[in-house]
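The values are calculated or read from the model by the stated rules, or taken from the named source; none is laboratory data. This is a predicted model, so every value here is computed, not measured. Glycine gets a Cβ as well: all are built from the backbone with ideal geometry, and neighbour counts include every protein chain shown.
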Amino acid sequence: MGWNTGAGGEGFGGGARARLLVADRQPLVAEALAALLAARGFAVVARAHYGADAAAIMAGGGVNIALLDLDLQDPGPIDLLRDAACRQTRMILMAASAEHPGVALALDSGAAGLILKSEGADSLVHCIATVASGGRWFDLSARHRALDHADAINGARTLTRRERDVARLVATGQRNRGIAGQLGISEGTVKMHLHNVYAKLGLESRTQLAMDERLRMLG
């Protein structure tokens, strides 16, 4: 089930104008998707299996909608969304699960749509037609994950500068004594900052902190 904004895609009015790139790291999947969409009246003008090929196709201006596997590599779709040379192409990302770690980043980075691979063909067609007509289309479970992610990012933004410093050093594997020496503070102060970091981010261990993406997103 999806959630959309803007123009609708009913009647596939946008489909006739869409020039599609289908990019999936599994060639058979890309070919199957291209065949499905062609049978539904869309013009699939290019296929790719690597991020670099997808980027070159989008930069060339021959497509206006790209259907991208969220697991695409070298570069990944999040990097493609942020690439100025690709921004004239509206991008729809495909995820294997709403729990995929890239889902929230995709929505935050300006994707025009996001659909789960577990959805049926009709949902995919409606998603593409909606995006082709100027709207945006997101799987509801993915949207809910993005909202949860936004709340989490807001929690990360409440960290003080020193708390961020401590958190980043912990995430690199440094111990409290080394952090104290590097920052010129006592081990007790390091522990106090780390306690605050855990509380604000909802974490319980150094391992969880090392795996957390929010600090990297905050820069």
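Mind checking whether some residue in the stretch 93-112 is in a loop (DSSP other than H, G, I, E, B), modelled with pLDDT of 90 or more and surrounded by fewer than 20 Cβ atoms within 10 Å (Cβ to Cβ)? Write out each step before concluding.
The first filter runs over the stretch 93-112 and keeps only residues in a loop (DSSP other than H, G, I, E, B), leaving 96-101, 109-112.
Restricting the remaining residues to those that are modelled with pLDDT of 90 or more gives 111-112.
Remaining after also requiring surrounded by fewer than 20 Cβ atoms within 10 Å (Cβ to Cβ): none.
No, every residue in the stretch 93-112 fails to be in a loop (DSSP other than H, G, I, E, B), modelled with pLDDT of 90 or more and surrounded by fewer than 20 Cβ atoms within 10 Å (Cβ to Cβ).
Within the stretch 152-177, take every residue that is over 15 Å from D212 (Cα atoms) and exposed (fewer than 14 other Cβ atoms within 10 Å of the Cβ) and give me the one that is nearest to the chain's Cα centre (by Cα).
Applying the first criterion (over 15 Å from D212 (Cα atoms)) to the stretch 152-177 yields 158, 160-162, 174-177.
Okay, now just the ones that are also exposed (fewer than 14 other Cβ atoms within 10 Å of the Cβ), so 158, 160-161, 175, 177.
Values: T158: 23, T160: 27, R161: 27, R175: 32, R177: 36 Å.
It comes out as T158.
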Under the condition of being touching a residue at least 40 places away in the same chain (Cβ under 8 Å) and more than 22 Å from Q26 (Cβ to Cβ), which residue from the stretch 68-106 is farthest from the chain's Cα centre (by Cα)? R90
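Any idea which of I115, I65 is under 16 Å from the mean Cα position of the chain (by Cα) and within 19 Å of R40 (Cα to Cα)? It would help to see each step written out before you state the result.
Values: I65 fails: under 16 Å from the mean Cα position of the chain (by Cα).
The conditions single out I115.
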Working carefully through the options G61, G134, find the one that is of a type outside the set (V, I, T), in contact (Cβ under 8 Å) with a residue 60 or more places away in the chain and assigned to a loop (DSSP other than H, G, I, E, B). G134
Do you know which residues across the stretch 168-196 are touching an Asp or Glu at 6+ places or on another chain (Cβ under 9 Å), at pLDDT 90 or above and under 20 Å from T207 (Cβ atoms)? N176, R177, I179, H193, L194, N196
Report, ordered by the first and then the second residue, all pairs with beta carbons closer than 7 Å, sequence separation of six or more or different chains, a first member in the stretch 32-57 that is touching a residue at least 24 places away in the same chain (Cβ under 8 Å) and on the phi < 0 side of the Ramachandran plot, and a second member that is assigned to a loop (DSSP other than H, G, I, E, B) and acidic (D, E). L33/D24; H49/D24; Y50/D74; G51/D74; A55/D83
Would you check if there is a residue in the stretch 70-90 being under 20 Å from L37 (Cα atoms), crowded, with 23+ Cβ neighbours inside 10 Å and in contact with a Ser or Thr (Cβ under 9 Å, 6 or more places away or on another chain)? no
